[in-house]
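I have placed the structure first, in the form of structure tokens, so that the comments after it can refer back to it.
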């Protein structure tokens, strides 16, 4: 009864927010998952279906994070088997990368089928040369590797299937690693494979297809599995179900349980809808009250130092730039004790457009334009008629070449 842990899209070295604590979260998530669901669960092996790293070029500290987690497995006698993803694959013409380095250090098994004369060739894993395209493990499971094929994946899959069929028969189940996503799983994702594209692999004997690339967990038809990323790579991924699959193979049947109970940074999304009647001061107060209410309801737990997003949406009755969001963002971050506070200020200023007849005079047009601008501003809308007439008169004074002192005095009198 072989068992294994299916991981993908770990993204060690994640640095989108330029925050060391956030970068460390990805390491802590991997270490916790490995300890709980590989070492303590005593699985037979672990597979990593691409994107162990966020970048092809990594800092020494990120390499050490990977080595620390892989050493946990090695010391427990659990092989880690990986393929390259699009984030950590080697550029064309490059013979090595950090995954290859880890394989040469015997911390993981990097499976890479060869391409010879336009065909795919699977060589068995050579424990001395430390290379190969597939491996037959002592637990009776055969594991097949692949590469990141990008847009060429639909054409490569039949070649992979043909190469699999040419291999000696396997005594047990066959698991294949493939770093590509299926269409229909997330919006606005281009280049996804169709389910029918994968069928040649099933027909070639693959019983568990371990996918990566898409950061959302899903499974298809009882043989295609994608665990999603361990940590959210963006605020939008907070709502994705994701984690690691703990898999047991029993008499040809697959039991895959998605594990999500491990170290993850708390991420909270809040929304504030404007009415168009607020002043900048009112809106800042409402933003503070929104965060305070979330703390009171224990949606935000300041002692956990979460990531918080507050999205302010709607219309405002003032120039949107009148609200200086930088000090407000700092105040909200201090209030929530968030390591990252994202203040999304996505509002439009209220606009008015009074219909005018085609024969309207220039003065009528000017009057209505001034009225529309003033009526859209909370501070001036009560005096819109008076101020609009005053602006027209101010324009006339300017055309009369009145002095700046006279113009200034006129504005002062207009506003009192």
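Each value in this text was obtained by applying a stated rule to the coordinates, not by laboratory testing. Bear in mind the structure is a predicted one, so any value in this text is a computation, not a measurement. Note: ideal-geometry Cβ built from the backbone for every residue, glycine included; neighbour counts use all protein chains shown.
For the reader, a short list of remarks on this structure follows.
- Cα-based shape type of region 34-174, given that a ≥ b ≥ c are square roots of the gyration tensor eigenvalues and the cut on a/c is 1.5: oblate
- Region 219-266 and region 393-416 have their alpha-carbon centroids 69 Å apart.
- On full extension, the segment bounded by residue 295 and residue 75 gains 74.9 nm, given 0.36 nm per residue less the C-alpha separation.
- Exposure proxy ranking, count of Cβ atoms within 10 Å, fewest first, for 201, 12, 107: 107, 201, 12
- Linear extension gain, residue 16 paired with residue 189, 0.36 nm per residue minus alpha-carbon span: 60.3 nm
- Degrees separating the helix 153-165 axis from the principal Cα axis of the chain, which is the longest one: 10
- Antiparallel %, DSSP beta bridges [both residues in the chain], to 5: 35
- Each eigenvalue of the Cα gyration tensor of region 267-349, multiplied by 5 and square-rooted, gives one semi-axis; in descending order these are 23, 12, 10 Å.
- With Cα atoms, 0 to 90° folded angle of helix 280-296 axis to the chain main axis: 40
- Pair residue 305, residue 329: separation of 7 Å Cα→Cβ label points (nm): 2.0
- Sites residue 275 and residue 251, calculated FRET efficiency, Cβ-Cβ separation with R0 51 Å, nearest 0.05: 0.25
- Estimated distance in nm for a label pair at residue 322 and residue 119, the labels positioned 7 Å out from Cα along Cα-to-Cβ: 7.5
- Taking label positions 7 Å along the Cα-Cβ direction at both residue 203 and residue 61, the computed distance is 5.1 nm, reported to one decimal.
- With 0.36 nm allotted per residue and the present C-alpha distance subtracted, the residue 86-residue 260 stretch has 60.2 nm of extension available.
- By average C-beta atoms within 10 angstrom, highest first, the peptides 27-39, 112-124, 308-320, 268-280: 27-39, 308-320, 268-280, 112-124
- For the chain, calculated [θ]222 nm from helices alone, where every DSSP H run of n ≥ 4 adds -39500 (n - 2.57): -10000 deg cm²/dmol
- For the chain, the longest principal axis of the C-alpha atoms and the axis of helix 20-34 are separated by about 30°.
- q = 0.06, 0.08, 0.14 Å⁻¹, the chain: log10 I(q)/I(0) [Debye, one scatterer per Cα]: -0.40, -0.59, -1.18
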